[in-house]
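Below is one structure; the comments refer to it alone.
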Amino acid sequence: MSRHQLLQGKTAIVTGAASGLGHAIAALFHDQGARVIVADLNGEAAEAVAATLGGDAHAVQADVASEASIRALVDATVSRFGAIDVLVNCAGVPQVYTAIEDLDERHWDRILGVNAKSIFLACKHVVPHMKQAGGGTIVNIGSIVGVRPKPGQNAYCASKAATIALSQSLALELASSHIRVNVINPGAAETPMLGGFLDPAKTSLEDAKKLFAGNIPMGSLIQPDDIAEAALYLASSLSKQVTGLVMNVDGGRGV
Ligand SMILES: NC(=O)c1ccc[n+]([C@@H]2O[C@H](COP(=O)([O-])OP(=O)(O)OC[C@H]3O[C@@H](n4cnc5c(N)ncnc54)[C@H](O)[C@@H]3O)[C@@H](O)[C@H]2O)c1
């Protein structure tokens with residue numbers, strides 16, 4: 001099979017696709033023949049990405065932490081493209097260093113809502129369509145801090161650990177329905193989110209990049225295309241016997 005046909009005829013929802021890793025995933029999937037739903041809270045940016053991709057890409061404004069919004073996203077996808085073969089849960093929010101005694105409940109709920117509850121909601125509403133079609137693939141974007149936590153990113157690390165455990169539980173639950181569920185744990189990646197992990201009053205973005213890269217054994221930040229290539233492997237038949245995998249794409253940071 002040509003590398004340009006890996007997702008031919010498939011329909012993929014990519015959340016958080018207006019920026020960073022999600023954008024790179026949506027672009028590569030589209031390039032590989034998929035019909036792509038570019039889903040994001042930032043509807044305007046999602047429209048711009050879908051317009052750049054061109055035919056068979058469609059933007060949907062959605063808040064992944066809201067069940068009503070996820071239901072509307074799934075309905076919009078099915079009514080436009082008739083199926084959902086691939087789901088990539090990529091939308092997320094970062095956390096700056098916050099001492100546990102300073103972490104308020106609203107902040108905890110938002111981070112867990114966008115990064116973890118979203119995966120429950122999207123799977124809940126997408127899986128019935130995949131079961132009806134006889135299978136599908138789900139790729140969830142975790143983080144290396146889900147297995148190698150950092151101090152002060154308490155809620156963020158918890159949200160990513162939840163992502164990993166939920167994905168592996170679903171991999172077992174859905175295996176007999178031919179729905180594969182895998183996780184990618186990116187290391188520090190060069191996207192707009194990176195600055196959101198540090199207080200800009202204390203550290204400039206350029207210094208932050210150096211700091212993060214310095215903690216990566218291979219010495220450089222992860223690029224969005226590195227994650228998109230991994231997602232393509234997990235979403236396509238290249239990985240047809242792979243489920244429940246937690247794939248660190250992190251330059252060795254998790255070792
Ligand atoms: N950048 C990194 O260093 C890094 C490292 C490890 C894991 N990750 C994870 O990768 C994923 C993508 O991050 P990124 O670096 O591309 O960030 P990004 O900020 O570039 O993109 C995140 C996108 O998610 C969207 N989003 C935020 N809240 C949303 C919501 N409630 N509903 C729908 N969309 C929403 C944003 O509008 C944005 O377009 C996240 O899950 C993040 O936690 C990032």
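The values are calculated or read from the model by the stated rules, or taken from the named source; none is laboratory data. Given the structure is predicted, the values throughout are model-derived calculations rather than measurements. Here Cβ is always computed from backbone atoms with ideal geometry, including for glycine, and neighbour counts include all displayed protein chains. All accessible areas refer to the heavy atoms of the entire protein, side chains included, with ligands and DNA or RNA removed. Shrake-Rupley method; radii C 1.70, N 1.55, O 1.52, S 1.80 Å.
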What is the one condition in (1) within 16 Å of the ligand (Cβ to nearest atom); (2) more than 13 Å from the chain's Cα centre (by Cα); (3) open to solvent by 10 Å² or more (accessible area, probe 1.4 Å); (4) under 23 Å from VAL14 (Cβ atoms) that ILE164 does not satisfy? (2)
Kindly provide the set of residues from the range 144-202 that are among the hydroxyl-bearing types (Ser, Thr, Tyr) and either touching a strand residue (DSSP E or B) at 6+ places or on another chain (Cβ under 6 Å) or more than 23 Å from LEU238 (Cβ to Cβ) (or both), ordered by number. TYR156, SER159, THR163, SER167, SER169, THR191
Looking only at the range 215-245, which residues are open to solvent by 40 Å² or more (accessible area, probe 1.4 Å) and among the hydrophobic types (A, V, I, L, M, F, W, C)? MET218, LEU238, LEU245
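Is it the case, given these coordinates, that THR191 is among the hydroxyl-bearing types (Ser, Thr, Tyr), surrounded by fewer than 24 Cβ atoms within 10 Å (Cβ to Cβ) and under 15 Å from the mean Cα position of the chain (by Cα)? I'd like the intermediate steps shown before the answer.
On the way: among the hydroxyl-bearing types (Ser, Thr, Tyr): yes; surrounded by fewer than 24 Cβ atoms within 10 Å (Cβ to Cβ): yes; under 15 Å from the mean Cα position of the chain (by Cα): yes.
Spelling it out, THR191 is indeed among the hydroxyl-bearing types (Ser, Thr, Tyr), surrounded by fewer than 24 Cβ atoms within 10 Å (Cβ to Cβ) and under 15 Å from the mean Cα position of the chain (by Cα).
Results for (1) in contact with a helix residue (DSSP H, G or I) (Cβ under 6 Å, 6 or more places away or on another chain); (2) open to solvent by 20 Å² or more (accessible area, probe 1.4 Å), shown as yes or no for each residue.
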position: ASP109; (1), (2): no, yes
position: LEU112; (1), (2): yes, yes
position: SER143; (1), (2): yes, no
position: PRO151; (1), (2): no, yes
Would you please list the contacts, defined by Cβ atoms under 6 Å and residues six or more apart or on different chains, that run from a residue in the range 184-202 that is touching a residue at least 12 places away in the same chain (Cβ under 8 Å) and more than 7 Å from the ligand (Cβ to nearest atom) to a residue that is open to solvent by 40 Å² or more (accessible area, probe 1.4 Å) and in a helix (DSSP H, G or I)? GLY195/LEU205
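Could you check how many residues of the range 63-80 are touching a strand residue (DSSP E or B) at 6+ places or on another chain (Cβ under 7 Å) and either open to solvent by less than 40 Å² (accessible area, probe 1.4 Å) or closer than 23 Å to GLY142 by Cβ (or both)? I'd like the intermediate steps shown before the answer.
Initial filter on the range 63-80 (touching a strand residue (DSSP E or B) at 6+ places or on another chain (Cβ under 7 Å)): 64, 73, 76-77, 80.
Right, trim to either open to solvent by less than 40 Å² (accessible area, probe 1.4 Å) or closer than 23 Å to GLY142 by Cβ (or both) and you get 64, 73, 76-77.
The total comes to 4.
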